[in-house]
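Peer 1: This is the structure I want to talk about, given as structure tokens.
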Amino acid sequence: GLVSSTSNEHVMSKDDDSLVTVADWSVQAIVSWMLSESLSNQKVSIVAEEDVQTLSKSDSVGLLTAVVNTVNECLAEAPKYGLQSPKKALGTSQILEAISQCNSTGGRKGRHWVLDPVDGTLGFVRGDQYAVALALIEEGKIVIGVLGCPNYPRKKEWLSHHHSSQTMPKMSDTSETWEKGCVMYAQRGSGEAWMQPLIHGNKKHTWSNSAQRVQVSSIDDPALTTFCEPVERANTNHSFSAGVAHSMGFKKQPLRVHSMVKYAAIARGDAEIFMKFAQSGYKEKIWDHAAGVIIVEEAGGVVTDVWRPPPGLLKGFVLRRS
Ligand SMILES: Nc1ncnc2c1ncn2[C@@H]1O[C@H](COP(=O)(O)OS(=O)(=O)O)[C@@H](OP(=O)(O)O)[C@H]1O
Ligand SMILES: [Mg+2]
Ligand SMILES: [Mg+2]
Ligand SMILES: [Mg+2]
């Protein structure tokens, strides 16, 4: 919730043509700094999406200044969330250090934090759905997941309406009537997943625990099933998922949403199924899934890749077909 700006300033393209913004670097710096501060006795291993190459170039001074200012403005608000601000504003080198220390390669041994500072950067730039995703992996198992979803509406009906909709105010609308924003989280083995309303920067009140339990949908009638998928055709295979949906007997239109908010939607029961089929050759990244996976699992759902469907699912599928 620290970065709620939808300003399109400083939107850059990376080598793979995907977007990166001041928000991506700033969130990575803030989370990295906060983790190091709170775990000062331990060596912190963080696997995260962004690096400092573009930021450190000589023609990126304006960009770097914007990141430094954003990080310090956000950290100054830390006490509102029950956290400690730095004693004095962080300097440029400290911020570059915080971003670049997230260069762990992870692995099956030990503890690793996994961070996607802004997932769905395209959604963020459009003022649409995006998520800040953090997970903790221990000995190869996800044990904690947190998803910050600043534009996630409280009412599921609003998810499917984009900016053009008449019924939903613009994302920039400050009116109290349009409640949006939540943090979803879960811990492995608890059998519980939680949703906490987000406090937005412009509001005066401070954080207090008002988390509600969330659970996956109980709908199992294909005719009533909604499936979600990525917005961009580059990130999935829309016609393949349409084929799967057809053979399963799904009648509803797919819910196309940017980012890991799709996992949040499944955990909260706003939709029943999430399908993503990356192009062959694309390697999925752990930061695009880890936090969402544990939240869905603890909310009662099942997550699998297409090559290894769990026996129960396969049986369900076969039974339904016969
Ligand atoms: N080619 C390709 N195939 C599959 N996935 C890709 C591909 N390229 C990128 N990515 C990753 O997709 C992340 C965004 O996924 P979404 O499901 O949110 O896509 S969409 O915006 O709804 O279209 C996006 O995450 P962010 O970079 O954090 O936004 C990417 O990591
Ligand atoms: Mg990206
Ligand atoms: Mg991502
Ligand atoms: Mg990202």
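The values are calculated or read from the model by the stated rules, or taken from the named source; none is laboratory data. Computed from a predicted model, the values in this text were never measured in an experiment. Neighbour counts are summed over all protein chains in view; Cβ atoms, including those assigned to glycine, are modelled from backbone coordinates with ideal geometry. Accessible surface is based on the protein model in full, side chains and every heavy atom, while ligands, DNA and RNA are left aside. Shrake-Rupley method; radii C 1.70, N 1.55, O 1.52, S 1.80 Å.
Peer 1: Could you rank 16, 51 by how accessible they are, 1.4 Å probe, largest area first?
Peer 2: Working: 16 110, 51 80 Å².
If we order 16, 51 from most to least accessible, we get 16, 51.
Peer 1: Quick one: which of 21-33, 135-147 comes out on top by average Cβ neighbours within 10 Å, and what's the full order, highest first?
Peer 2: 21-33, 135-147
Peer 1: Residue-wise, which Karplus ³J(HN,Hα) couplings in Hz belong to the range 179-184, taking 6.51 cos²θ - 1.76 cosθ + 1.60, θ = phi - 60°, and x for glycine or proline?
Peer 2: Couplings: 7, 8, x, 7, 10, 10 Hz.
Peer 1: From the phi of every residue in the range 105-121, what ³J(HN,Hα) in whole Hz does the Karplus formula 6.51 cos²θ - 1.76 cosθ + 1.60 yield, where θ is phi - 60° and glycine or proline is x?
Peer 2: So the Karplus estimates, Gly and Pro as x, are 9, x, x, 7, 9, x, 10, 9, 8, 10, 10, 10, x, 9, 9, x, 4 Hz.
Peer 1: So, one more: Taking amide H positions as placed in the peptide plane 1.01 Å from N, state which residues far from residue 144 in sequence (5 or more) or on other chains have amide H under 5 Å from it.
Peer 2: 136, 188
Peer 1: Given H placed 1.01 Å from N in the peptide plane, which residues other than close sequence neighbours of residue 255 have an amide H under 5 Å from its amide H?
Peer 2: Result for residue 255 returns 227, 228, 229.
Peer 1: Between residue 104 and residue 213, what is the label-point separation in nm under the 7 Å Cα-to-beta-carbon projection?
Peer 2: Label at residue 213, label at residue 104, 3.1 nm between them.
Peer 1: Short version: ³J(HN,Hα) in whole Hz for each residue of the range 137-146, in order, from phi by Karplus 6.51 cos²θ - 1.76 cosθ + 1.60 (θ = phi - 60°), x for Gly and Pro, what are they?
Peer 2: Per residue, the Karplus-derived 3J(HN,Hα) values read 10, 10, 6, x, 10, 6, 10, 9, x, 9 Hz.
Peer 1: Another question about this same structure. Hey, rough spin-label estimate for residue 248 and residue 138, points 7 angstrom out along Cα→Cβ, what's it come to in nanometres?
Peer 2: Rounded to a tenth, the inter-label distance reads 3.3 nm.
Peer 1: Oh, and also: Kindly flag which residue pairs out of 141/252; 251/276; 141/262; 43/87; 141/180 have an alpha-carbon separation exceeding 29 Å in this structure.
Peer 2: Correct reply: 141/252; 141/180.
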